[in-house]
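Everything on this sheet refers to the single structure shown next.
The values are calculated or read from the model by the stated rules, or taken from the named source; none is laboratory data. These numbers were taken from a predicted model, which means no experiment stands behind them. Cβ atoms come from the backbone with ideal geometry, glycine included; neighbour counts cover every protein chain shown. Note: accessible area is taken over every heavy atom of the protein model, side chains too, but ligands, DNA and RNA are not part of it. Shrake-Rupley method; radii C 1.70, N 1.55, O 1.52, S 1.80 Å.
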Amino acid sequence: MAMEVTHILLNAQAVDGAVRKEAEDSLKQFQEQNLPVFLFSLAAELASDEKPAESRKLAGLILKNALDAKEQHRKIEFVQRWMSLDPTVRAQIKAFLLRTLSTLSLDARSTASQVIAKVAGIELPHKQWPELIGSLLSNLPQLPAHAKQATLETLGYICEEVSPDVVDQDHVNKILTAVVQGMNSTEENDVRLAAIQALYNALDFAQANFSNDAERDYIMRIVCESTLSPDIKIRRAAFECLVAISSTYYEKLAPYIQDIFNITAKAVKEDEEPVALQAIEFWSSICDEEIDILEEYEGDFSGESDVPCFYFIKQALSFLVPMLLETLLKQEEDQDQDEGAWNIAMAGGTCLGLVARTVGDDIVPLVVPFIEDNISKPDWRQREAATYAFGSILEGPSPDKLVPLVNMALNFMLTALVKDPNNHVKDTTAWTLGRMFEFLHGSALDIPIINQANCQQIITVLLQSMKDVPNVAEKACGALYFLAQGFEDVGSASSPLTPYFEDIVQSLLAVTHREDVVESRLRTSAYEALNEVVRCSNDETAPFVVQLAPVIMLELHQTLENQVAADERQNELQGLLCGCLQVFIQKLGSSEQTKYHLMQYADHIMSLFLRVFASRSTSAHEEAMLAIGALAYATGSDFAKYMTEFYKFLESGLQNFEDYQVCAITVGVVGDVCRALEDKILPYCDGIMTQLLKDLSSNQLHRSVKPPIFSCFGDIALAIGENFEKYLLYAMPMLQGAAELSANTAGADDDLLDYTNSLRNGILEAYSGIFQGFKGSPKTQLLLPYAAHILQFLDTLYTEKDMDDGVIKTAIGVLGDLADTLGGNAGPLIQQSVSSKEFLKECLSSDDHLVKESAEWAKLAISRAISF
């Protein structure tokens, strides 16, 4: 049955483009004309030891890609396609794959492992191929090392591919037994490595085994022993396994934590970097777990918490902190120049920051002596490490503990930023100043660290540092960003920044024009700082903001005039300038004295945005769309004059499935435009609603866009009122279907529950907008047929008990809107619902004043409807 494909597969990897293209076309044609024979031929190629390594590898890769895809809609299509093949053909392909696991070619074995896992991912949930795991395990101990390695790798990939509920506990026990035996030091290194990686993937399956003391002890002992293997890959994989165990089974770690501390400390001190990084990561992971527990339960463990906090970090503190401080001295010479740099010193500083957030004040006395000992040393490494340590502990401890230290250090830091001869030290100093301003500066603090006396010096130093090398200048812009943000709440009172506003803005604009601005994130940081300085400015500087807007408009105009196709830097700059204009629009639109000027600029600004859409830059499109939303909000009904020209871009944004972020932003802008235009949006509603309904029906659109689309129904209904009548027939069934889907969350993980709550919120916002839009209209009776379903949805949400705070507030609001709009007509239905009694009662006694407010309004509306 197999066709000869070797020649075509080799040609598909040819250097000659024409030969390669012809081969690729042949493969595509073969796949389309006869899929069963195509897949069978690929599996036969992969399994044959007679064939060249190159053709075998590509055969396996094409086979794998025929079974799985990134996009959800194609994934579903591929699953259906595979399941519809003749079972005999499927069985033959699977036999070839299993046979390949014993071949001597490492590439072929590894590819076969991945393909088997993809097939398992399709078939096991459908109760097919039940013998797979048994056949992989049947004679594992007797296999030669290369086949044993491939089998363990396959088991690992299967655990990664399928969810734990499709593998029964008996099979899980056997997989874990095989994997843990494979980790034994008597096995060959390749086998041990495959076994550890398989255990890593199988951890989610091992709940029952980790609950059994003897089994857990055995697994932990083997993993800890593997961290001492002579082979670096095995040591690294064993530590990766410990990191995964720390987050999956935090509550089971107490008996092992002392031993783990000893082996991690030894690895951090003595082992090679890839291993040491994972050893530090273990403690970062423990911090993450404890921070989450302490935040969720706010330190209250009076029997409520399922996951008690064991305070591992607090107990290990006096040993852990010195170990981490030691790592800060292991910097690399060029780490500041490399965006993606990651080394021991950076990992140690990151972990130190997490420790500070976990234990708060307790860390300060352990770190201060290290800072004092090293901050003035002749060796740059010591000065940089001391500065990094200081910056790392600024989030977590209380202001009472930190402000006195910051007040003592601020002057020293400002001097170092200008005068230290080493760029690494200056880079970290600017970063640390930024952290000081981020966490210890603002209206919430009793003792300000910035006052009239030191403000001038701070600004002078930061502006001077913006002329320094790019990485130092970038951090100085970041520090300025947080400095401005801290003065956001001074209101109409004079901000200490006001006298320097013009200098700051000119300096930031100068940074954006530096020759070397594209070498790092410098340009982005400069625009972010400029936006924040403008956003947090007050009335005194408003005239200057008015003059500044045309400067930014001119810059955007120039980039459009000099547009070069596919110039990424140019596109990025256009995006930054659109983002900058958005901030200006919001600022100028927020007060009557400046709004007049904004209206003068509006036509020109809008024409620039429309030209940005005409270019092919996706990143700039997003920013321009957001800025147009701000312009619609600021200009109100005057925005109507732009709609004729803007509508085509709005429509193409809503059709942009590929780039779903653009689609989501466009949906949000439709809401902004509805609020601005109210019923003037009516002429465009048919087109908008048609596209939104298409988006919802599409299985190609990313699911995250669907909740905002539902909210958008509410915005449209609110804008056009009873004119929404013609869309009810299409929108309401969509809402009902989604409501039924989102009501039940049994077995949902945290991510799915978050998504479900955002979906519920979107549905409820749609209902709310529709009820409010129809209120007072003679057509309200059109909504009556939907009332029972909506009340049932609210009842189900209440009984499920897994709404987040946002959904609770929207849900109780919908109850009020329904009663308010439908009045006495809905009285009997409301009286039968659980929501109108139990849910309302709970919301009336809520601690959240917004929920309470909504509930009080709902109570009033319900009592009016019932007494009607």
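Taking the Cβ of ALA766 as the centre, find all other residues whose Cβ is under 13 Å away and add up their charges (Lys, Arg: +1; Asp, Glu: -1).
Counting the neighbours of ALA766, the net charge comes to -1.
Can you classify the stretch 1-66 as rounded, prolate or oblate using the Cα gyration tensor, where a ≥ b ≥ c are the square roots of its eigenvalues, rounded means a/c under 1.5, and otherwise it's prolate if a/b beats b/c and oblate if not?
The shape class here is oblate.
Can you bin the stretch 396-491 into rounded, prolate or oblate? Criterion: square roots of the alpha carbon gyration tensor eigenvalues sorted a ≥ b ≥ c, rounded for a/c under 1.5, prolate for a/b above b/c, oblate for the rest.
prolate
Show me the GluC sites (Glu not before Pro) within the stretch 319-370 that DSSP assigns to loop and that have at most 10 other Cβ atoms within 10 Å of their Cβ.
When the GluC sites (Glu not before Pro) of the stretch 319-370 are filtered for loop state and at most 10 Cβ neighbours within 10 Å, GLU333, GLU339 remain.
Between ALA614 and GLU645, what is 0.36 nm times their sequence separation minus the Cα-Cα distance? Round to one decimal in nm.
This chain segment gains 10.0 nm when fully extended.
What's the FRET efficiency of LYS680 with SER777 using the Cβ-Cβ distance as r and R₀ = 30 Å, to the nearest 0.05?
Once the sixth-power term is evaluated, E becomes 0.95.
In whole percent, how big is the carbon plus sulfur part of the accessible area of the stretch 805-864, probe 1.4 Å, protein atoms only?
52 percent
What aspartates and glutamates does LYS377 reach when the alpha-carbon gap must be under 15 Å and sequence neighbours fewer than 8 apart in one chain are set aside?
Within the straight-line limit of under 15 Å, LYS377 reaches these aspartates and glutamates: ASP420.
Is the shape of the stretch 502-541 rounded, prolate or oblate, going by the alpha carbon gyration tensor and its root eigenvalues a ≥ b ≥ c, with a/c under 1.5 for rounded and a/b larger than b/c for prolate?
oblate
Ignoring ligands, DNA and RNA, what accessible area per residue does the stretch 363-465 give at 1.4 Å, in Å²?
The answer is 42 Å² per residue.
Out of the total accessible area of the stretch 88-185 (probe 1.4 Å, heavy atoms of protein only), what percent is carbon and sulfur?
Ligands and nucleic acids excluded, carbon and sulfur reach 52 percent.
Cα-Cα over 20 Å: which of LYS809/LYS859; LYS174/LYS252; LYS706/LYS852; LYS426/LYS475?
From the list (LYS809/LYS859; LYS174/LYS252; LYS706/LYS852; LYS426/LYS475), the Cα-Cα distance tops 20 Å for LYS174/LYS252; LYS706/LYS852.
Using Cα-Cα distances under 8 Å and only pairs 6 or more residues apart, what relative contact order does the chain have, in percent?
4 percent
Straight-line reach from LYS64: which lysines fall under 17 Å, measuring Cα to Cα and dropping same-chain residues less than 8 apart?
The qualifying lysines are LYS28, LYS75, LYS94, LYS118.
State in Å² the accessible area per residue of the stretch 708-842; use a 1.4 Å probe, count heavy atoms of protein chains only, and round to the nearest integer.
In whole numbers, the stretch 708-842 has 41 Å² accessible per residue.
Summing +1 for each Lys or Arg and -1 for each Asp or Glu, what net charge is found among the other residues whose Cβ lies under 11 Å from the Cβ of ASP107?
+2
Could you order ARG616, ARG20 so the one with the most accessible surface comes first? Probe is 1.4 Å.
From most exposed to least exposed: ARG616, ARG20.
Leaving out ligands and nucleic acids, note down the accessible area per residue over the stretch 26-160 with a 1.4 angstrom probe, in whole Å².
45 Å²
Just to confirm the filter: which GluC sites (Glu not before Pro) across the stretch 9-104 are DSSP coil and have at most 15 other Cβ within 10 angstrom of their Cβ?
GLU50, GLU71
Rounded to the nearest 500, what is the chain's calculated 222 nm mean residue ellipticity when only DSSP H runs of at least 4 contribute -39500 (n - 2.57) each, over all residues?
Computed mean residue ellipticity for the chain: -23500 deg cm²/dmol.
Expressed as a whole number of Å, what is the distance separating the alpha-carbon centroids of the stretch 626-642 and the stretch 512-539?
Here the two parts' Cα centres lie 25 Å apart.
Quick one, which of (i) 47, 41, 32; (ii) 44, 38, 24; (iii) 55, 45, 31 is the actual semi-axes √(5λ) of the Cα gyration tensor in Å calculated for this model?
(i)
Evaluate E = 1/(1 + (r/R0)^6) for ASP847 and THR799, where r is the Cβ-Cβ distance and R0 equals 25 Å; express this FRET efficiency to the nearest 0.05.
0.70
How much accessible surface does TRP342 have with a 1.4 Å probe, in Å² rounded to 10?
130 Å²
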